[in-house]
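Quick notes on the structure that follows.
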Amino acid sequence: MDTVQQTTTPVATTDDAKRVDELLAKARKYIPEDRFGIIKDAYAYAASAHQHQVRKSGEPFIEHPYQTALFLADLKLDPNTLAAALLHDVMEDCGVSFDTLSEKFGDEVARLVDGVTKLTKTELQRAEHIITEADDDSVDDARSASIRKMLMSMAEDVRVVLIKLADRLHNMRTLNALPYEKRILIAQETLDIYAPLAHRLGIWDIKWRLEDLSFQHLHPEEYKHISMRLHTKRDEREKYIERVRATLEETLEKNGIKAEVTGRPKHIYSIYKKARKYEAMDRTIDDIYDLFALRVLVQKVEESYAALGIIHTMWHPIPGQFDDYIANPKDNLYQSLHTTVLCEGASPVEVQIRTYEMHNLAEYGIAAHWLYKEGRTADLPFEEKMKSLRQLIEWQRDVSGDDEFVESFKTDIFNNQVFVYTPKGELKELPAGATPLDFAFRIHTDVGVRCIGGKVNGKLVPLQCELQNGDTVEILTSKTVRGPSLDWLNPNLGYLKTNSARSKVRQWFTKQERTTNLQRGKEIFARQIRRLDTSMSESGITELVGLDSVEDLFISLGNGTLTVAQLVTKLFPQQESKPEAAPTPIDRKSLSSSGIEVLGVGDMLTRLARCCRPIQGEKILGYITRSRGVTVHRANCANIAVEAEKEPERMIQVDWGKSQSLYPVTIKLEAYDRVGLLRDVTSLVSEERVNIASCVTEEVEDKSFVTLTVYINGIHQLNKLFAKLEGIRGVMSVARATA
């Protein structure tokens with residue numbers, strides 16, 4: 001991460017001795033002294049190799065590998081891992097070869113160092129992109145390639161990633177020495193990838209430290225605000241939690257349970273995330289349930305449940321705030337009972353109850369496997385969990401692009417998980433929000449492509465239904481391979497949550513005949529162009545999405561390589577997709593201005609042209625009227641083209657402002673006439689939180705034509721609404737109406 005600088009001043013010998021003594025003092029707690037030799041030798045070799053180097057922070061370079069090893073000693077990693085941590089920069093920064101390390105420290109240590117070095121090289125290349133102001137795409141490509149290498153290395157030896165996490169932790173502690181742009185890049189990457197990775201591996205201590213350090217750099221004002229809020233009530237909070245702690249410990253002892261009860265600090269980033277959720281509910285940081293938290297450690301599993309019963313007898317439990325992770329362990333090995341109760345003064349307090357062994361695993365996660373085990377039998381639970389993790393990694397290997405691979409890990413592995421059962425009682429793990437269709441592809445690709453329906457807890461459910469913890473899922477399949485629907489790839493329709501399942505669907509379509517994909521793509525393209533009413537040519541769109549020919553464009557749409565959502569984003573890059581807020585009353589007067597910025601002039605009265613009704617995200621032009629300010633048209637509006645020829649001096653550049661506004665759009669819908677059609681249409685629009693201004697229906701023979709005027713917040717919401725309306729039974733076509 002750092003670019004080393006050279007100095008002629010060697011590291012002081014007394015400092016070396018102190019570092020070795022401190023490291024060995026930690027190691028002595030779990031490693032026999034006859035295994036200290038490799039650690040001492042590794043430190044001496046690293047100190048000599050880095051002797052004339054200092055970091056950007058000004059400290060001797062050896063301090064970095066030393067701090068990395070020191071933290072891994074806190075996690076009780078084995079001697080070879082500690083040695084590799086001390087040596088992890090000698091290949092990259094000192095030119096030491098793999099063969100040299102292998103000869104001096106053995107193949108295992110050399111492989112660990114080599115694994116970390118390969119990841120670091122890509123990181124440094126990415127940092128150079130930032131310094132030379134390379135384009136964003138090349139920076140993102142290098143970043144994704146680096147992360148992909150790291151994640152794939154987990155399948156081979158997870159200790160490489162443990163060293164990398166400790167390395168990143170120390171780098172985050174000294175991040176202020178780097179330029180602002182690099183600090184922000186590194187902090188965001190840490191929050192997006194490294195902290196979730198630590199969580200996935202069950203290493204809570206690294207996870208919260210990385211989160212808080214990243215948050216401090218990315219949002220310094222919010223960090224200071226929460227820190228000050230916590231500090232101002234610190235004495236009051238500590239006195240309260242001590243009273244509750246002492247009361248609980250005494251009560252447990254009276255009931256024959258010897259337990260260690262401690263206060264558990266809440267970390268700043270976790271408070272920030274909860275505060276953001278509470279803001280949406282018009283609540284404050286003081287309402288967060290677990291600002292007060294206790295942890296109860298007992299000797300036996302049965303004592304955990306006994307303690308839970310006593311706690312629920314002492315204080316009133318809050319409904320919906322209990323989780324049993326002992327009976328249903330998390331995917332990262334975590335086990336504990338969680339409950340939130342109303343204690344003194346009706347203050348909510350979160351209580352975690354677990355055994356000492358569970359606590360050790362909760363703090364150190366997968367790292368606990370390497371706690372020195374001379375002569376012990378194989379760690380079967382660990383091997384089972386690593387088998388599960390490796391399987392998840394293997395499912396990602398077929399993903400082609402590095403960006404897609406990383407995104408797949410974010411959704412499929414780093415997200416919160418739900419645990420569901422097969423009809424035979426086998427437990428399956430999926431990301432939160434996963435559907436029966438995701439479950440089908442997780443079982444097997446063939447089950448996924450043959451899927452025609454699903455049952456959850458014995459009841460038929462839509463394939464878009466979100467699975468919940470404890471659900472039993474049964475997949476209904478066709479005897480013949482009908483193949484998946486292309487709608488499954490449409491994120492607006494909600495069929496698939498996992499990238500791994502979407503990747504398998506795309507692969508299925510890619511294998512189909514070129515002619516079929518070509519025809520399907522033409523139909524999708526024609527429908528989408530009709531929806532969006534864009535005047536851009538086929539060749540222009542082909543060039544915009546980076547393909548070589550119009551035929552490639554159609555085939556990419558037909559086999560799902562290019563999704564409709566991606567096409568819309570390319571066509572309308574001005575508006576990013578944003579989370580949708582709850583509907584608010586329409587202020588019709590505000591619609592006349594609609595957040596338009598008149599470029600180079602300042603504030604002017606603006607209104608949207610009724611002839612073409614532009615919406616957020618579309619290219620627009622302004623026309624200066626004689627008495628009504630600026631009228632804003634879509635760039636491809638026929639009326640504005642006429643005016644531009646007659647009076648070009650009245651044309652003016654305009655752009656969409658940052659404010660969130662609603663825009664009137666007229667949609668025409670053609671469908672087979674049936675009872676309940678209009679109800680289904682209006683109900684769906686309402687469910688999408690879209691306001692209807694008017695609705696006109698017309699029946700011609702057996703067909704029904706519905707004209708809706710709705711208020712939407714931008715092109716992405718409009719595209720999503722089109723996709724949902726086309727899914728209504730009997731609907732033949734949906735298009736945007738123009739004057």
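For ILE193, ILE353, what ranking results if the residue with the fewest other Cβ atoms within 10 Å of its Cβ goes first? Don't jump to the answer; show the numbers that get you there.
Details: ILE193 21, ILE353 24.
Result, fewest neighbours first: ILE193, ILE353.
Extending 7 Å from the Cα toward the beta-carbon at both ASN636 and LYS18 defines two label points whose distance is 7.0 nm.
Packing-wise, with mean Cβ within 10 Å as the measure, how do 101-110, 235-244 rank, highest first? Please report the intermediate quantities before stating the final value.
On the way: 101-110: 17.3, 235-244: 14.1.
Highest-to-lowest ranking by the protection proxy: 101-110, 235-244.
Ranked by how many other Cβ atoms sit within 10 Å of their own Cβ, fewest first, the residues CYS611, CYS465 fall in the order CYS611, CYS465.
Contour minus end-to-end for SER97 and THR697, with contour as 0.36 nm per residue of separation and end-to-end as the Cα-Cα distance? Please report the intermediate quantities before stating the final value.
On the way: separation 600, 0.36 × 600 = 216.00 nm, distance 7.71 nm.
That pair, SER97 and THR697, stretches by 208.3 nm at full extension.
Can you pick out the pairs among LYS455/LYS724; LYS273/LYS619; LYS254/LYS428; LYS273/LYS455 whose Cα atoms lie more than 30 Å from each other? Working shown, then result.
Working: LYS455/LYS724 23 Å; LYS273/LYS619 36 Å; LYS254/LYS428 41 Å; LYS273/LYS455 34 Å.
Result: LYS273/LYS619; LYS254/LYS428; LYS273/LYS455 exceed 30 Å.
Estimated from the Cβ-Cβ distance and a Förster radius of 25 angstrom, the FRET efficiency linking ASP192 and THR472 is about 0.15. Exposure proxy for PHE554, PHE292: other Cβ atoms within 10 Å of each Cβ, ordered fewest to most, give PHE292, PHE554. Students often get this wrong: which residues of the stretch 536-570 have the backbone nitrogen under 16 Å from the point 7 angstrom along Cα-to-C-beta of GLN519? Answer for this model: 554-555, 558-559.
On the basis of the beta-carbon distance and an R0 of 45 Å, MET228 and ASN360 show a calculated FRET efficiency of 0.85.
Coordinate-derived values only; no laboratory data. Given the structure is predicted, the values throughout are model-derived calculations rather than measurements. All Cβ positions, even for glycine, are placed from backbone atoms using ideal geometry, and neighbour counts span all protein chains on display.
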